[in-house]
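The values are calculated or read from the model by the stated rules, or taken from the named source; none is laboratory data. It should be emphasised that the depicted structure is a prediction, and the values quoted were computed from it without experimental measurement. When we count neighbours, we look across all protein chains shown, and the Cβ atoms used for this are built from the backbone with ideal geometry, even at glycine. Surface areas here come from the heavy atoms of the whole protein model, side chains and all, with no ligands, DNA or RNA. Shrake-Rupley method; radii C 1.70, N 1.55, O 1.52, S 1.80 Å.
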Amino acid sequence: MRATLPETPHIRPLVISENGLVVTHTSENDAKSRVYDFSALADSSALALDLAAIMARKVRPTGQWRSLLTSKQGWESMKSFATFLADQELAQGGLSDVTSTMWRAWCLSLPDNTGGRRYARVLRSVLIDCAEIADSLRDLLSERSIKDVAVEQSYSDFDLNARSRAAREIFRAAEQRIEMNAKILNMHRSGHKWTNQNDKLLADALESIGRSGDVPVIFDSKNVRNVQYRYVRALGGEDCDHTWKRLFLDVGEAAALAFLIAECSGWNMTTISELNVPERVSTASDRVIHRVTLVKRRRSRPDVYETRNIESPDAKSLGRLLSRAAAATTPAREFLDSLGVHSDRLIISRVNRVLTPSDRASVVRFGISRTNQRAFKDATGLALNFRRIRKAVNTRSIRGPNQNTQATHDRVYVSPDRDAQKLWAGVIAAGVNAAITDAEHAVLATITKRNEERGRDTVTAACTDDTHSPFEEAGVACRASFLLCLACPNAIIMPKHRGRIAYLHQALRELRNVLDSATWQTQWLQHFNRLEHVRTQFCTDAEWKDALASVSALDAAVVNHLLRGRLEL
């Protein structure tokens, strides 16, 4: 049976208004939106229209700004720039009339701190690709800018352990509370007959929490909420600890849970905040695996979503923690389902305020925000900075890239962090020394930038003296593999040899994918390292690309014969 088409065609919501001055940015999941009104932003209507058009291109569904926070930063930068031009009475036209002098004057007016420099960086990235700006301004924007030196350090082991102990105590108490009350509620829903009146009243109150988000209440003449009297004794009190918190995490407990996940995984706060309930997958050996979808908003679109399989080998594992988190927030998801609001989000909490009967779901909070962090600090006296947590875990526990590249891990996490420097000082020093030694001795061939009529061509170089090889006795013709030419001082590598060298390098990279580690290490790694040294130290990316493009069928055939051992004597 074929699905029927909708009666009305889908029309994508407009990003920019008809007058070209109001831009609406809607988040990727359509959950939130933000409106930016450029009509009052600049004295010049032309400048306002130009800035609004730029914003519209950035926030459209295929644009670069997918986060509301990113578009807010862009808006604030544009607002600062337009306000400055208006105050200085410089905004007489559109972006095409903005000069280098205006840009420099605005940059000098900004505060000399991280926020001020961020304004300049954001607007620079926005304007540099605009066709409307003058060439002189584009040249100025193309100049390299100095990046801020990172001052935020990872948590020390002492600080991290203090927060870990507090978070474990908070979440464990909440978990036990919700588990116990959820068990009573499930018994009640399955038809259990209560013999004790207080037990029955408690079960009825839990049913009310699960269905409406709160226990049965009444409001007095001053509209003050009061728990119905007959339930107070069964509940043990009227405050949130005795009422709705029986089935919900509060915002501080949700922050504690997020900290524990960050401590185990090293993921950033946004990724943890947007986690969905993991899918449980059982293997043939009866191992439980949790399949988790991670979201990294800053990546390019094909790589925003990533799936990981996480095992649960012991009680302290990340997989076990995710199971506990899912169980603790199940009543909250069931409450939302009863309201017709389906959600698979893992971290769900409830704020401590009076329910609105017309919108009961409004008391529910998804993920983590500053509100959660403040609540954790109020409860423990300890601030939560998820960037510092991530730095500590990834540099000292995981010790490797996590949701980023090795280069980013080294530059952003390891290099600026004092504790990481202490931890890795010996390893870094040894690695640098080994790299220098290897670079000095791995490639002994002479490398020139022009072709010369010297020696006789081999597969990868030109040989100037085949009777005085370091691999044979003096006076004996060299019979070493042509793969060793790069390690011979008698060899000369010229531009005409780059094609075969580049093709050989590419062939060895492909070979590495099919060989076992031992074979690769013993037979091919040293040759690959020499080729890599030539590529990185003596060729630009453009030269290497041109070399690969210049490979002829004869060059490819000769290299293939070399790899198959057909050129060995």
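With the full set of protein chains in place, find how many percent of the accessible area of region 439-510 is carbon and sulfur; take the probe as 1.4 Å. The nonpolar share, carbon plus sulfur, comes to 47 percent.
A simple spin-label model places pseudo-atoms 7 Å from Cα toward Cβ; at THR62 and GLU452 they are separated by 5.4 nm.
Each of HIS561, HIS192, MET102 was placed along the dipole of the chain (beta-carbon charges, centred on the mean Cα), and the one lying farthest toward the positive end is HIS192.
Ratio of Rg to Rh for region 92-170: 1.30 [Cα atoms; Kirkwood radius as inverse mean 1/r over pairs].
Note on region 155-307: dipole from Cβ charges, positive end direction compared against ASN223, PRO302, HIS290; the farthest Cα belongs to PRO302.
Rolling a 1.4 Å probe over the protein heavy atoms leaves SER190 with an accessible area of roughly 100 Å². Projected label points at SER39 and ALA518, each 7 Å from Cα along the beta carbon direction, are separated by 7.7 nanometres.
For the chain, the solvent-accessible area of protein heavy atoms averages 56 Å² per residue (probe radius 1.4 Å; ligands and nucleic acids excluded).
Dipole magnitude for the chain: about 1560 debye, using +1 per Lys or Arg Cβ and -1 per Asp or Glu Cβ, origin at the Cα centre.
Quick one: if you take sqrt(5λ) for each eigenvalue of the C-alpha gyration tensor of region 70-112, what semi-axes come out, biggest first, whole angstrom?
That gives 17, 13, 9 Å for the three semi-axes.
Extension gain for CYS240 to ASN560 (0.36 nm times residue separation, less C-alpha to C-alpha distance): 107.7 nm. Summarised in one figure, the compactness ratio Rg/Rh of region 163-258, Cα atoms and Kirkwood Rh, is 1.02. Using the Cβ-Cβ distance between ASP157 and LEU511 with R0 = 41 Å, the FRET efficiency computed as 1/(1 + (r/R0)^6) comes to roughly 0.40.
Taking the Cβ-Cβ separation of LYS222 and ASN402 as r and a Förster radius of 60 Å, what is the calculated FRET efficiency to the nearest 0.05?
Approximately 0.65, to the nearest 0.05.
The simple Förster model, with R0 at 45 Å and r as the Cβ-Cβ distance, assigns LEU548 and ARG387 a FRET efficiency of 0.65. Relative to the compact-globule estimate of 2.2 N^0.38 Å, the Cα radius of gyration of region 323-439 comes out at 1.62. Listed cross-link partners LYS58/LYS245; LYS193/LYS222; LYS32/LYS79; LYS72/LYS377 are compared with a 31 Å cut-off, the Cα-Cα value being larger for LYS58/LYS245; LYS193/LYS222. Rg and Dmax of the chain, both derived from C-alpha coordinates alone, stand at 32.6, 112 Å.
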